[in-house]
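Notes to accompany the following structure.
The values are calculated or read from the model by the stated rules, or taken from the named source; none is laboratory data. Just so it is clear, the model here is predicted, and its values are computed rather than measured. Virtual Cβ from ideal backbone geometry, glycine too; neighbours counted across all protein chains shown.
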Amino acid sequence: MPTIVLASSSPWRREILDKLGLPYQTRHPEIDETPLGSESPAELVARLSREKAEAVAEHFSNALVIGSDQVAVLDDHILGKPGTHARAVEQLSAASGRSVTFLTGLTLLNSKTGHAQTEVIPFQVHFRKLSEGLIERYLRHEQPYNCAGSFKSEGAGIVLFERLEGDDPNTLIGLPLIRLVRMLESEGVELF
């Protein structure tokens with residue numbers, strides 16, 4: 001049985017992967033995440049998930065390495081991590097009453113065979129009409145300045161939403177577990 005390695009230092013991705021009850025290791029991938037000039041958001045997350053898995057796979061001779069990357073997209077523009085309160089207000093105001101698409105690139109790389117599976121999984125977040133007061137109260141409470149789109153769906157960010165649309169709620173947090181299970185099974189991993 002190959003070692004399973006999560007190429008991430010995200011506590012939320014670890015929490016999601018823990019649901020499978022499989023033993024695994026984590027290793028932070030050291031890659032440049034700068035988008036390429038003509039790259040679409042979907043191409044970006046596919047490439048970065050693959051590069052994260054490849055960077056970590058170099059350290060393991062017999063492992064299944066999971067790489068994941070996510071972006072939030074509004075009007076074909078990537079919403080990055082806001083970093084500041086003012087930028088978070090701007091992002092949430094722009095999303096008010098609209099839909100933001102989260103694209104998650106997922107790669108499972110077998111370091112022994114070199115076989116890689118990569119998919120891009122979408123998830124739609126439909127925002128309520130957000131008042132300035134709600135945005136300010138939410139940001140003061142949650143301070144999601146290091147989160148793409150300026151909210152934490154695993155926290156109080158749920159108050160901002162009208163509805164969620166996607167195949168797997170784990171996708172919104174950054175690790176599409178339903179797809180990952182299929183990928184692991186295709187590599188011979190038995191779950192339960």
Next item on the list: Look through the range 1-14, keep the residues that are surrounded by fewer than 17 Cβ atoms within 10 Å (Cβ to Cβ) and modelled with pLDDT of 95 or more, and return whichever of them is nearest to residue 186 (Cα to Cα).
Entry: 3
Checklist line | In the range 113-125, the residues that are under 23 Å from residue 165 (Cα atoms), surrounded by 15 or more Cβ atoms within 10 Å (Cβ to Cβ) and not charged (D, E, K, R) | finding: 118, 120, 121, 122, 123, 125
Check: Given the residues 99, 68, which is the only one that is hydroxyl-bearing (Ser, Thr, Tyr), at pLDDT 95 or above and within 22 Å of residue 12 (Cα to Cα)?
Finding: 68
Notebook entry, point to check: Of the numbered conditions (1) of a type in the set (D, E, K, R); (2) within 16 Å of residue 149 (Cβ to Cβ); (3) touching a Pro at 6+ places or on another chain (Cβ under 7 Å), residue 76 satisfies every one except a single condition; which is it?
Noted result: (3)
Check: Are any of the residues in the range 29-43 buried (at least 20 other Cβ atoms within 10 Å of the Cβ), at pLDDT 95 or above and under 26 Å from residue 142 (Cα atoms)?
Finding: no
Check: In the range 125-141, is there at least one residue being within 30 Å of residue 62 (Cβ to Cβ), within 22 Å of the chain's Cα centre (by Cα) and in a strand (DSSP E or B)?
Finding: no
Next item on the list: Examine the range 131-138 for a residue that is in contact with a strand residue (DSSP E or B) (Cβ under 9 Å, 6 or more places away or on another chain), free of Cβ contacts under 8 Å to residues at least 60 places away in the same chain and surrounded by 14 or more Cβ atoms within 10 Å (Cβ to Cβ), and state whether such a residue exists.
Entry: no
Check: What helices (runs of 4 or more DSSP H) completely inside the range 1-109 contain at least 2 residues that are in contact with a Phe, Trp or Tyr (Cβ under 7 Å, 6 or more places away or on another chain)?
Finding: 85-95
Notebook entry, point to check: Which one of the conditions (1) in contact (Cβ under 8 Å) with a residue 24 or more places away in the chain; (2) more than 19 Å from the chain's Cα centre (by Cα) does residue 94 fail to meet, given that it meets all the rest?
Noted result: (1)
Check: Do the conditions hold for residue 87, that is, is it modelled with pLDDT of 95 or more and more than 17 Å from the chain's Cα centre (by Cα)?
Finding: yes
Check: When only residues in the range 168-192 that are at pLDDT 95 or above and among the aliphatic types (A, V, I, L, M) count, which is surrounded by the fewest Cβ atoms within 10 Å (Cβ to Cβ)?
Finding: 178
Item checked: Every residue from the range 145-167 that is crowded, with 16+ Cβ neighbours inside 10 Å and among the small types (Gly, Ala, Ser) -> 148, 149, 150, 153, 157, 166
